[in-house]
């Protein structure tokens, strides 16, 4: 599902923005919540502040369900 979400987002924002903010993310459904795994805290904060609405809209369009979002930083 996350791959489909990314493909749609890629069509809605500039390529540099997509490469900067979305390329290193991964998303998964966990207990009815869309968990978005981010590479670092800066990416997490930026996505949460500026792209939550877009992610929600695209996810609902693709899946037909609106999910709560949770952004998490993946520790290396």
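The values are calculated or read from the model by the stated rules, or taken from the named source; none is laboratory data. This structure is a prediction, so every number in the text was calculated from the model and none was measured. Neighbour counts are summed over all protein chains in view; Cβ atoms, including those assigned to glycine, are modelled from backbone coordinates with ideal geometry.
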Item checked: Of residues in segment 29-76 being closer than 17 Å to residue 6 by Cβ and part of a loop (DSSP other than H, G, I, E, B), the one modelled with the lowest pLDDT -> 74
Margin query: Looking at segment 4-15, can you tell me whether even one residue there is in a loop (DSSP other than H, G, I, E, B) and surrounded by 13 or more Cβ atoms within 10 Å (Cβ to Cβ)?
Written below: yes
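Of the residues 45, 68, only one is loosely packed, with under 12 Cβ neighbours inside 10 Å and either without any contact (Cβ under 8 Å) to a residue 60 or more places away in the chain or closer than 15 Å to residue 8 by Cβ (or both); which?
Checking each option against the conditions leaves just 68.
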